[in-house]
Number of protein chains: 2
Amino acid sequence: MRLAIIGGDAAGMSAASAAKRRDPGIEVIAFERGPYTSYSACGIPYFVGGLFDDADRLVSRSPEEHRAAGIDVRLRSEVRAIDLGRRVLTVYERSEQRETEEGFDEVVIATGAYAGAPPIPGAEATETARTLDAGERFRAGLERGGGKAVVIGAGYIGLEMAENLVDRGMAVTVVDQGDQVMRTLDRDMAAHVQDGAEAHGVRFLLSTDIEEIVLDGAGRPCRVRTSVGELPVDHVTLGTGAKPDVRLAKDAGLQIGETGALRVDDHQRCPGADGVYAAGDCVESHHRVLDAPVNVQLGTHANKQGRIAGVNAAGGDARFPGVVGTAVSKVCKYEVARTGITEAEAEQAGIECVSAIIKHSTRATYYPGAGPIWVKIVADPGSGRVLGGQIVGVEGAAKRIDVLAACIWTGVAVDELSLMDLSYAPPYSPVYDPLLVAGRAAAREIEKRS
Amino acid sequence: MRLAIIGGDAAGMSAASAAKRRDPGIEVIAFERGPYTSYSACGIPYFVGGLFDDADRLVSRSPEEHRAAGIDVRLRSEVRAIDLGRRVLTVYERSEQRETEEGFDEVVIATGAYAGAPPIPGAEATETARTLDAGERFRAGLERGGGKAVVIGAGYIGLEMAENLVDRGMAVTVVDQGDQVMRTLDRDMAAHVQDGAEAHGVRFLLSTDIEEIVLDGAGRPCRVRTSVGELPVDHVTLGTGAKPDVRLAKDAGLQIGETGALRVDDHQRCPGADGVYAAGDCVESHHRVLDAPVNVQLGTHANKQGRIAGVNAAGGDARFPGVVGTAVSKVCKYEVARTGITEAEAEQAGIECVSAIIKHSTRATYYPGAGPIWVKIVADPGSGRVLGGQIVGVEGAAKRIDVLAACIWTGVAVDELSLMDLSYAPPYSPVYDPLLVAGRAAAREIEKRS
């Protein structure tokens, strides 16, 4: 049996490894467009920012290591077409500049996502940190000099990038069409994130369109023209969301969902196509709260889904249980986290909810390092169940989101949460953990209604 | 209605406040033996260690603040007897050195716990950090000088104390009769805690009995005689567990459970005694995994139980849902946490279990500050349910225990845990959170058996 993997990062190589581990007799061949395998895309902003210098530290498993495990890794090999009928891939070998055909019995599509440049003049000069080689080019460009940067997009990738560029000593302006940062949070919680980033030196232009990136004679950005005026720049980077890369899959006739990502079942199988699996940034995941497909581009899902695709491709029976929308990021002085659905998402989905926000302390107030933490809980007014949580705060705040994720996952109600046996010691928590206080506040909101 | 509160710390004053909030017409009178109310006993080791200098920072609500809320707080007032028939307390007013009688309709017993000095010669010269005034005396003694300390007991209180004394520049030896530190953990996990404390400079004498504390002419400790030889000392402190203080309640005829603590129902009522409530370190709590009563002395339970007692005393209907044995502490370079039951506790209770230990990283390995984390999961081999968890690791490790607590609380199985949507970002987690990896390792242990 020959299993082809399209894409050599988290999802693809997890699939390759899982299949090979489960059945060493399978021939596994992985095609990767770039020069790296299995790297942490989420870490690229920190590499660009100079938090560490060796890009190889982002690589969790090199092509050589995969080959030692019996996987045939083909680098700089771009799959250009999937023929499901003939069971053949068209592969462009970039180093030899020629196309070949490769047969397969089963295939895992792990083509990831791509940052589409905005449809404005000069967009071709924007830099990104989506792939490791793009990140390396970006960093090399920064080292050539120029102290003014514009980041397009005030989502978590844009904010991480802005923080890292400020830390390099650059003057950074984040421009976004929307009227709040971090639209994955409700506006009331996102305001704290913006405060923290501004205190770090990031400047924001919200509700602002970028009309043109003006290039100099060498083709490098020198000004950004926006709906509120011009900004001088040396670097423009895209921090906007990426689109699931389904071009190959679509051409092969596979089903694309309403989210724009590939449809898969809970075994990561592409419906209607035997022996075809897909995983990672290019697929839909089932959202357990919304009970609907979503496209969430995160390394943690890519790894899990890849493994599940690999196990199933090798004759196993593994199931991806879905997601609850958990995400976390570091934005300047604050840790920022969310899970479940926000109030805005509930409204959009027509789900009735109540919410409560509390401000508390990350540690006992007398313990050094204690600082503010805000917790917002969104709950179902009928059952009291936690539907969503958002956290912004100093060190120790973010990972608390996992408790809310577990509560959402299992259907815990806010009054039950408020009395749960969560850990307490002065270096880690006030005697009432902020989550208990938030649970109680949400329970009171529900009582008020009844 | 007159509600008497015996004990002015976490449980007692939570009860007083909750009752008064619920029904401002109730007369609430609180008797406290010492000079403080509502202080963080868990913070005393850090005050003794000099992490901060003002003992008042440990006080979350002063007697004046409670009085402003309408609670009649009587300091230095020691309740010496409860007459349930006559509904009268005998109170010794320490400042006036006289006994009075105080009537009551309902009473909340929140007498806490006491550190019994070991039955050895010289034990009267040991110092403790159980109450804030004892902590103040202890710290004043340390400031008079002497650089050698013996800590009796290698549990979490003893270890916290040892760390803080080392941080003051003292030479510290922890002596314990048992053959491992932190018996709240399994031996394999406790070994890491001992390693970390030794690296910090703490010396251990395990499997060692203390036979005598030899005093000098001024009545101060100068040597400790142990079963393995003598140690010169300037200070001896008790870090051993405390006993629930049920002396008053026992004399009043209330039921004492097998744990040695006061029996209460899930409304914090003392069975068979109308209008009598108890809460905090002196009572039993229902352990949801063992389905048995336990005595857990932690501020977080004291606060919750106190509030529930107060609400119910004021005519409400609140229920304490029990505990799962969650605890966390900082021991030198490691954060240490546990929840549910350990392998040893499972064996002792005759509960069949499997377990798995994994070592992983607290953050993405390339992210600064990443360090080791060990996670042990104890699970039911039949259902796969998580029965217990233990964590030792560097910054960011400890609070992860709350996710396992939530899993135990709700009955999540290890294979479900291994795919749960926990948060990932390089500053906070590897792409597979250590809890996911531990869940998977435990699931594999179960598969091996079947």
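Values computed for the structure shown
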read-out: Options B:Asp245, B:Asp265, B:Asp274, B:Asp251: the member that is closer than 30 Å to A:Leu419 by Cα, in contact (Cβ under 8 Å) with a residue 60 or more places away in the chain and among the acidic types (Asp, Glu); value: B:Asp245
read-out: Extreme residue, surrounded by the fewest Cβ atoms within 10 Å (Cβ to Cβ), among residues of segment A:53-69 that are at the interface with another protein chain (Cβ under 10 Å from one of its Cβ atoms) and among the charged types (D, E, K, R); value: A:Asp54
read-out: Which listed residue is within 12 Å of chain A (Cβ to nearest Cβ), out of contact with any helix residue (DSSP H, G or I) (no Cβ under 9 Å at 6 or more places or on another chain) and not basic (Lys, Arg), from B:Val437, B:Val386, B:Val403; value: B:Val437
read-out: Count of residues meeting criterion [farther than 21 Å from A:Ala337 by Cβ and assigned to a helix (DSSP H, G or I)] in segment A:146-166; value: 2
read-out: From the options B:Ala278, B:Ala261, B:Ala292, residue that is under 23 Å from B:Arg2 (Cα atoms) and small (Gly, Ala, Ser); value: B:Ala278
read-out: Selection count, segment B:271-285, where residues are of a type outside the set (Val, Ile, Thr), buried (at least 24 other Cβ atoms within 10 Å of the Cβ) and within 12 Å of B:Ile109 (Cα to Cα); value: 6
read-out: Pick from segment A:52-64, criterion in a helix (DSSP H, G or I) and free of Cβ contacts under 8 Å to residues at least 24 places away in the same chain, ranking: farthest from A:Thr37 (Cα to Cα); value: A:Arg57
read-out: Pairs with Cβ under 6 Å, 6+ apart, first in segment B:302-330 and facing chain A (nearest Cβ under 8 Å) and closer than 13 Å to A:Leu422 by Cβ, second part of a loop (DSSP other than H, G, I, E, B) and of a type in the set (Gly, Ala, Ser); value: B:Thr326/A:Ser423; B:Val328/A:Ser423; B:Val328/A:Ala425
read-out: Residue count, segment A:104-160 (criterion: among the basic types (Lys, Arg) and touching a residue at least 40 places away in the same chain (Cβ under 8 Å)); value: 3
read-out: Residue list for segment A:330-345, restricted to those being touching a Leu at 6+ places or on another chain (Cβ under 8 Å) and assigned to a helix (DSSP H, G or I); value: A:Glu345
read-out: B:Ala425 more than 29 Å from A:Phe52 (Cβ to Cβ) and either facing chain A (nearest Cβ under 7 Å) or part of a helix (DSSP H, G or I) (or both); value: no
read-out: Filter result for the condition that a residue is modelled with pLDDT of 95 or more, within 11 Å of chain A (Cβ to nearest Cβ), surrounded by 21 or more Cβ atoms within 10 Å (Cβ to Cβ) and over 24 Å from B:Phe104 (Cα atoms), over B:Arg288, B:Arg338; value: B:Arg338
read-out: Any hit, segment B:346-360, residues being outside any loop (DSSP other than H, G, I, E, B), free of Cβ contacts under 8 Å to residues at least 12 places away in the same chain and either away from chain A (no Cβ under 14 Å) or surrounded by fewer than 17 Cβ atoms within 10 Å (Cβ to Cβ) (or both); value: yes
read-out: Test: residue in segment A:170-178 that is assigned to a strand (DSSP E or B) and closer than 17 Å to A:Tyr46 by Cβ; value: yes
read-out: Options B:Ala337, B:Ala314: the member that is in contact with a Lys or Arg (Cβ under 8 Å, 6 or more places away or on another chain) and more than 15 Å from A:Ala425 (Cα to Cα); value: B:Ala314
read-out: Residue list for segment B:394-414, restricted to those being without any contact (Cβ under 8 Å) to a residue 60 or more places away in the chain and under 18 Å from B:Lys359 (Cα atoms); value: B:Val403, B:Val414
read-out: Candidates B:Leu165, B:Leu262, B:Leu248, B:Leu185, filtered to the one that is at pLDDT below 95, hydrophobic (A, V, I, L, M, F, W, C) and buried (at least 18 other Cβ atoms within 10 Å of the Cβ); value: B:Leu165
read-out: From the options A:Gly50, A:Gly34, residue that is surrounded by fewer than 24 Cβ atoms within 10 Å (Cβ to Cβ) and closer than 30 Å to A:Glu99 by Cα; value: A:Gly34
read-out: Yes/no for A:Asp251 being away from chain B (no Cβ under 14 Å) and either of a type in the set (Phe, Trp, Tyr) or under 30 Å from A:Glu347 (Cα atoms) (or both); value: no
read-out: Condition met for B:Glu143 (modelled with pLDDT under 95, touching a Ser or Thr at 6+ places or on another chain (Cβ under 9 Å) and more than 17 Å from B:Gly122 (Cα to Cα)); value: no
read-out: Residue in segment B:5-22 that is away from every other protein chain (no Cβ under 14 Å), assigned to a loop (DSSP other than H, G, I, E, B) and buried (at least 23 other Cβ atoms within 10 Å of the Cβ) present; value: yes
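Here is a yes/no grid of residues against (1) out of contact with any helix residue (DSSP H, G or I) (no Cβ under 9 Å at 6 or more places or on another chain); (2) modelled with pLDDT of 90 or more; (3) assigned to a loop (DSSP other than H, G, I, E, B):
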| position | (1), (2), (3) |
| --- | --- |
| A:Arg80 | no, yes, no |
| A:Arg86 | yes, yes, yes |
| A:Thr90 | yes, yes, no |
| A:Thr100 | yes, yes, no |
| A:Ala134 | no, no, no |
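Yes/no per residue for (1) farther than 26 Å from B:Ile44 by Cβ; (2) of a type in the set (Phe, Trp, Tyr); (3) touching a Gly at 6+ places or on another chain (Cβ under 9 Å):
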position	(1), (2), (3)
B:Asp266	yes, no, yes
B:Ala278	no, no, no
B:Cys282	no, no, yes
B:Thr300	no, no, no
B:Lys333	no, no, yes
B:Glu345	yes, no, yes
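The values are calculated or read from the model by the stated rules, or taken from the named source; none is laboratory data. The model shown is predicted, which means the values in this text are computed figures rather than measured ones. A quick note on method: Cβ atoms are made from the backbone with ideal geometry, for glycine too, and the neighbour counts reach across all protein chains shown.
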